Amino acid sequence: MNPQTDRAAWLLGGDVRCNTEPAKPVRPRRLVLLGPPGVGKGTQAALLCAAYGACPLSTGDIFRHALAGCAGEPHTKAMESALDHMHRGELVPDRTVLELVGERGRCLSCRGGFILDGFPRTVAQAEALDHLLYVHKVTLDAVISYETRPESLAIRIAGRRTCPSCKAVYHLEAKPPRQAGVCDHCGTALVQRTDDRPEASMVRLKVYEKSTAPLIAYYREKGQLISITATGTPEEIFGKTVAIMKKKLGPA
Ligand code: AMP
C-alpha cells in the first residue's frame, strides 16, 4: 500500500490534520468502491490510490485503528459497541458510522481526491453521503462495483492476512508475502482479522446481500455505477478498472 498521506485526519477524526498533504492531481478522482467481503476492494483501493494520488478512506480502518489503541484515548461507549459489532461480522449501526464519517467530512474535499472503501454500506448511508458531498461541494466520479462468484468469496476471506502496521493485504495462496507471515513493506508480523474468521465471515457475506447489495441498484439508477468482474490477478482487475475509468472519465 502506498498511501499519499498518513491519513491521520481520517483515522483519528476531530481536528487532527494529516502531516503530509497529497499533491494535487490534474484531475482528482472521487470514487466509491462496492463489492462483497473478500472481493479485493482493499487491494484495488490501494492500487487506485497509488495511481491517482487519492486518499484511501476505509471506514473499517477507522475501527481497526481504534481497536489497535491508536486513537490515543479510551474508547467511547459507541466505539466499544461498534467494535463488538465488527468482531461478530455485523454492520456497525448507521448512527455511529455517520457520526464518524460526518466528523471527517473534510477528507471528502481533500485536494488529492478519495477512494471510499466500505462506506456507504446501507441505503441510509448512501443518502447521507450524497448530503455530505453536497455540503463539501464535491461530486462522485463513479461508483465501482466489483462482482464475482459467491462461492469464491469464503476461500478468499479464509486465506487473507493483513499487516496491522501499514495495512498491506496478502493472501496465503494468491498473493503470499516473500517471507511467510511477514509484511514485505514494513517487516511487521501479519495477522488474520478477527472478522475474517469463518463464523464472522459467514455473517458478513449475509449482511452484504441484505444491506449493501441494494446499493448497486441505488447507484445504477443515479447513472454512477460501473460494474467490473473481479476475476484474474489483482493487477489484471486494476488494469480493467483503470481502462474503464479512462474511457468513461478521460485521463486522470
Ligand atoms: P471492512 O474493512 O470494510 O470490511 O469493515 C470491517 C467491519 O467494520 C465491517 O464488517 C463492519 O463491522 C464495520 N464497518 C466498516 N464500515 C462500515 C459501514 N460503512 N457501516 C457499518 N459497518 C461498517
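Amide H contacts of residue 142 (H built 1.01 Å from N, in plane; Pro and chain starts excluded): 30, 32 sit under 5 Å, all sequence-distant by 5 or more or on other chains.
For segment 50-68 versus segment 141-184, the inter-centroid distance based on Cα atoms is 15 Å.
At a Förster radius of 51 Å, what calculated FRET efficiency corresponds to the Cβ-Cβ distance of residue 88 and residue 51, to the nearest 0.05?
0.90
Orientation-averaged projection of segment 81-205 equals 9.2 nm² [convex hull of Cα atoms, one quarter of hull surface area].
When a/c is below 1.5 the answer is rounded, else prolate if a/b is larger than b/c, else oblate, so apply that to segment 13-74 with a ≥ b ≥ c taken from the square roots of the Cα gyration tensor eigenvalues. It comes out oblate by the Cα gyration axes.
What FRET efficiency would be calculated for the residue pair residue 123, residue 16, taking the C-beta separation as r and a Förster radius of 35 Å, to the nearest 0.05? Computed FRET efficiency for residue 123 and residue 16: 0.70. Straight-distance candidates among the lysines for linking to residue 222, with alpha-carbon spacing under 16 Å and chain neighbours fewer than 8 residues away dropped: 248.
Dipole of the chain computed with +1 at Lys/Arg Cβ and -1 at Asp/Glu Cβ about the Cα centre; of 227, 8, 33, farthest Cα towards the positive end is 227. The residue list 82, 43, 23 was ranked by how far each Cα lies along the charge dipole of the chain toward its positive end, using unit charges on Cβ atoms, and 23 comes out on top. Between residue 111 and residue 95, full extension at 0.36 nm per residue minus the direct alpha carbon distance yields a gain of 3.0 nm. If R0 is 22 Å, the Cβ-Cβ spacing of residue 235 and residue 152 corresponds to a FRET efficiency of close to 0.80. When you restrict to C-alpha pairs under 8 Å that are six or more residues apart and normalise by the size of segment 6-84, the relative contact order lands at 28 percent.
Considering only DSSP beta bridges with both partners in the chain, what is the antiparallel share in %, to the nearest 5? Rounded to the nearest five, the antiparallel share is 25 percent. Full extension of the chain between residue 247 and residue 194 gives 15.2 nm of extra length, using 0.36 nm per residue less the Cα-Cα distance. Taking the alpha carbon gyration tensor of the chain, multiplying each eigenvalue by 5 and rooting it gives semi-axes of 24, 22, 20 Å, largest first.
Considering helices alone, the calculated mean residue ellipticity of the chain at 222 nm is -12000 deg cm²/dmol, with DSSP H runs of length four and up weighted by -39500 (n - 2.57) and normalised per residue. Under the criterion of Cα pairs below 8 Å and six or more residues apart, the relative contact order for the chain equals 26 percent.
Taking 23 Å as the limit for the C-alpha separation, the pairs 175/210; 210/247; 41/206 exceed it in the case of 175/210; 210/247. Dipole size of segment 1-98 about its Cα centre, with +1 on Lys/Arg Cβ and -1 on Asp/Glu Cβ: approximately 440 debye, rounded to the nearest 20.
Values quoted throughout were computed directly from the atomic coordinates according to the rules given, and no laboratory measurement underlies them. What you see is a predicted model; the values in this text were computed from it and never measured. Quick reminder, even Gly has a Cβ in these numbers, built from the backbone with ideal geometry, and neighbours come from all protein chains shown.
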